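The structure appears below as structure tokens.
The values are calculated or read from the model by the stated rules, or taken from the named source; none is laboratory data. In this text the structure is predicted, and so the values were computed from the model without any measurement. Note: ideal-geometry Cβ built from the backbone for every residue, glycine included; neighbour counts use all protein chains shown. Surface accessibility is based on the protein's heavy atoms, side chains included, excluding ligands, DNA and RNA. Shrake-Rupley method; radii C 1.70, N 1.55, O 1.52, S 1.80 Å.
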Amino acid sequence: MDFNMKKLASDAGVFFTRAVQFTEEKFGQAEKTELDAHFENLLARADCTKNWTEKILRQTEVLLQPNPSARVEEFLYEKLDRKVPSRVTNGELLAQYMIEAANDFGPNSPYGKTLIKVGETERRLGGAERDFIHSASINFLSPLRNFLEGDWRTISKERRILQNRRLDLDACKARLKKAKAAEAKAAAVPDFNETRPRNYILSASASALWSDEVEKAEHELRMAQTEFDRQAEVTRLLLEGISSTHVNHLRCLHEFAEAQATYYAQCYQYMLDLQKQLGRLPGTFVGNAESTSPPPDTASPTTIAAGAATGPAVPIIPVVPTVIGAPNSAPAVEALNPSDVKPPASGTRKARVLYDYEASDSTELSLLSDEMITVYSLPGMDPDWLIGERGNQKGKVPVTYLELLS
């Protein structure tokens with residue numbers, strides 16, 4: 001118990017000495033040991049690394065999981081060292097709703113078939129998103145979090161110890177300075193005309209005491225200087241390790257970018273496949289942002305040709321769609337052979353190809369992205385297809401792969 005009380009009193013004395021030294025430095029009443037420029041640069045670099053790592057980590061978490069409640073839940077599971085339960089992604093949930101709706105509407109109806117196709121694609125997109133989140137969490141978030149919770153905590157601890165060692169060193173310097181000043185004053189030659197003889201002995205005794213105090217202060221200063229230098233070297237080595245941290249984070253950043261590129265490439269491919277599937281479904285409506293074709297019951301090829309000749313309006317391709325299974329509908333038109341048809345006098349227009357397309361049979365025309373072709377429609381054609389011409393080549397092309405131009 002006595003030892004603990006002594007230690008407590010000693011620690012309290014050290015804390016009070018440091019507090020006095022720190023306060024006097026703030027008010028400019030005490031000298032402060034300055035670190036060299038290289039060490040200050042290392043400190044500034046470490047602080048900058050810590051601050052930006054925190055911001056990047058937090059924003060990446062928001063990117064991967066926009067729901068704040070879900071992020072809080074994952075944080076609690078992580079702190080409790082428990083496995084985070086599997087969570088359905090938004091794409092997978094949307095896919096589930098679409099497929100269930102298709103079953104209610106009728107899986108064999110045009111709307112039901114389209115819902116099933118889109119739902120399956122959304123499910124694949126959700127799976128790709130899940131894989132991307134998992135990969136980014138392991139290869140990017142975990143290294144950043146390990147740095148903040150591991151290396152940075154060690155650096156912060158050693159920096160606090162260094163700060164205490166510096167305060168102890170400066171306090172020893174101030175104590176030695178005061179002791180030397182008192183010793184010099186005590187060792188000064190007394191004025192025999194003004195000083196009483198009995199004070200000569202007291203002055204000599206005080207000089208001896210101050211000499212002992214100076215020796216003690218010098219010894220404490222040497223010990224404090226040794227402790228400070230040792231701690232400064234330890235802290236310097238840790239701060240120089242920030243360069244290795246940057247190299248590690250650079251590698252993790254490359255892996256994050258590759259995972260993101262893979263994710264978006266998968267999404268792009270899934271959507272291309274979906275467009276091809278929708279283009280082959282009968283009775284499927286696919287809108288075109290630049291299409292200005294009026295309904296068949298409000299326009300005819302004659303009126304369209306007249307309008308194109310009298311004004312600067314965009315040429316309009318006449319289309320006569322047929323709906324399979326509709327009551328009182330006209331009989332289906334026989335399949336057209338693109339090589340036997342000729343473009344109408346008015347109704348052709350230019351189109352830019354948005355995506356590559358591979359013809360599935362001899363009646364279709366293969367397309368290359370960004371190429372320009374001439375397109376037109378014929379009465380009785382499926383509204384999702386046009387006749388495309390490129391030089392001497394001719395064939396059917398899907399509307400969803402084209403950007404119609406004026």
Expressed as a percent, the accessible surface of region 348-405 that is carbon or sulfur, using a 1.4 Å probe and the full set of protein chains, is 48
May I ask for the equivalent-ellipsoid semi-axes of region 1-148, computed as the square root of five times each C-alpha gyration tensor eigenvalue and listed largest first in whole Å? 59, 20, 12
Can you put 23, 235 in order of accessible area, largest first, using a 1.4 Å probe? 23, 235
Between residue 145 and residue 268, what is the label-to-label distance in nm when each label sits 7 Å out along the Cα-to-Cβ direction? 3.1
Computed lengthening from residue 229 to residue 359, 0.36 nm per intervening residue step minus Cα-Cα distance: 39.1 nm
How large is Rg over Rh for region 348-405, taking Rg from the Cα atoms and Rh as the Kirkwood inverse mean of 1/r across Cα pairs? 0.91
